[in-house]
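Peer 1: Structure incoming, see below.
The values are calculated or read from the model by the stated rules, or taken from the named source; none is laboratory data. Keep in mind that what you see is a predicted model, and the values were worked out from it rather than measured. Using ideal geometry, Cβ is built from the backbone for each residue, glycine included, and neighbour counts are taken over all protein chains shown.
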Amino acid sequence: MIVTIDGPAGSGKSTAARKLAARLVVPYLDTGAMYRSIALRVVNLGADVNDAEALVEIARAARLDLDCGPTFTRVKLDGHDVSEAIRAFSVNSVTPYVATNQRIRDLLVEKQRKIGQSLKALVTEGRDQGSVVFPEADVKFVLDASLDKRAQRRHQELLADGEEVSFNQVRDNLDRRDRDDSRQWAPLLQPGQSVRIDTSRMSIAQVVERLVDHISQITGRQS
Ligand code: C5P
């Protein structure tokens, strides 16, 4: 069974996807980690983010290895574990240049489909998982929340990681990313294309219960 979870940053989808995968005992694929890893490679090489050709070359030459378990996705870039390094705020500002480059998207989409084919059952999370990568998925969710709520959540996470960043910086960054990212999941907002959940006033536990309930309803599966 393939379950896709798409939506904006800070909607709670990463935590919900991890917990859902653990409940279903299937691997969890964090596709944002792949875009972030390419962005980290761009940062490390000091490449010009406006040089689209150079970015494609950097993505092509990257060795990305993903280890997907029920509660984690660990990423190795060129043989080094970068699972933590890709979360730095400095990587956030380069990621949009990577994510809006169609040739890089094509490379990563192909890789994600291969992972899906080899794992067969998985919970995959990103922006285009139900719309582009796995249009034949068994269950498709879109998680969303208000911009302020999402910025609040992301700001807390970054402060906890020791990043010195203001609420407004985080809010502006999310707002900018939304403008590019929302195109990816827009088709899922058409009637009947996905189950949309507004998590603004929900705890993670409540979100996971809602996901599990929906999956149980359509598959008759008890979790
Ligand atoms: O999910 P996360 O915030 O880690 O993703 C980082 C960035 O990678 C997103 O803002 C988005 O631009 C990009 N992304 C994407 N398609 C995906 C996953 C992530 O464009 N499937």
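Peer 1: Any idea how many residues of the stretch 127-152 are touching a Ser or Thr at 6+ places or on another chain (Cβ under 8 Å) and without any contact (Cβ under 8 Å) to a residue 40 or more places away in the chain?
Peer 2: 0
Peer 1: For the stretch 19-33, how many residues meet the condition of being free of Cβ contacts under 8 Å to residues at least 60 places away in the same chain, assigned to a helix (DSSP H, G or I) and more than 10 Å from the ligand (Cβ to nearest atom)?
Peer 2: Residues that pass the stated criteria total 1.
Peer 1: Answer yes or no as to whether S131 is under 19 Å from L211 (Cβ atoms), out of contact with any Gly (no Cβ under 6 Å at 6 or more places or on another chain) and within 11 Å of the ligand (Cβ to nearest atom).
Peer 2: Yes; evaluated as a whole, the condition is true for this residue.
Peer 1: Kindly list the number of the only condition in (1) buried (at least 19 other Cβ atoms within 10 Å of the Cβ); (2) more than 14 Å from the ligand (Cβ to nearest atom); (3) of a type in the set (A, V, I, L, M); (4) in a loop (DSSP other than H, G, I, E, B) that fails for V208.
Peer 2: (4)
Peer 1: So how many residues does the stretch 111-169 have that are among the aliphatic types (A, V, I, L, M), in contact with a strand residue (DSSP E or B) (Cβ under 7 Å, 6 or more places away or on another chain) and assigned to a helix (DSSP H, G or I)?
Peer 2: Residues meeting the conditions: 2.
Peer 1: Same structure, new question: Let me spell it out: the conditions are (1) among the charged types (D, E, K, R); (2) part of a loop (DSSP other than H, G, I, E, B); (3) in contact (Cβ under 8 Å) with a residue 12 or more places away in the chain, and D48 meets all of them except one. Which number is the exception?
Peer 2: (3)
Peer 1: Follow-up. Quick one: C68 ticks every box in (1) surrounded by 19 or more Cβ atoms within 10 Å (Cβ to Cβ); (2) at pLDDT 95 or above bar one, so which box is it?
Peer 2: Going through (1) surrounded by 19 or more Cβ atoms within 10 Å (Cβ to Cβ); (2) at pLDDT 95 or above one by one, C68 breaks only (2).
Peer 1: Within the stretch 61-93, take every residue that is part of a loop (DSSP other than H, G, I, E, B) and under 11 Å from S37 (Cβ atoms) and give me the one that is farthest from the chain's Cα centre (by Cα). Let's see the steps before the verdict.
Peer 2: The initial filter retains those residues of the stretch 61-93 that are part of a loop (DSSP other than H, G, I, E, B), namely 62-63, 69-72, 78-79, 82-84, 88, 93.
Retained after the next criterion (residues that are under 11 Å from S37 (Cβ atoms)): 62-63, 78, 82-83.
Values: A62: 19, R63: 19, D78: 21, V82: 16, S83: 13 Å.
Only one residue fits best here, namely D78.
Peer 1: Just wondering, is there one or more residues in the stretch 71-90 that are within 10 Å of the ligand (Cβ to nearest atom) and either under 21 Å from V142 (Cα atoms) or touching a residue at least 40 places away in the same chain (Cβ under 8 Å) (or both)?
Peer 2: Within the stretch 71-90 (the criterion being within 10 Å of the ligand (Cβ to nearest atom) and either under 21 Å from V142 (Cα atoms) or touching a residue at least 40 places away in the same chain (Cβ under 8 Å) (or both)), the answer is yes, since at least one residue qualifies.
Peer 1: Suppose we filter V170, V142 for residues that are closer than 19 Å to A16 by Cβ, within 15 Å of the ligand (Cβ to nearest atom), of a type in the set (V, I, T) and buried (at least 17 other Cβ atoms within 10 Å of the Cβ); which single one remains?
Peer 2: Values: V170 fails: closer than 19 Å to A16 by Cβ.
When all the criteria are applied, what remains is V142.
Peer 1: Within the group D181, D175, which residue is assigned to a helix (DSSP H, G or I) and exposed (fewer than 14 other Cβ atoms within 10 Å of the Cβ)?
Peer 2: D175
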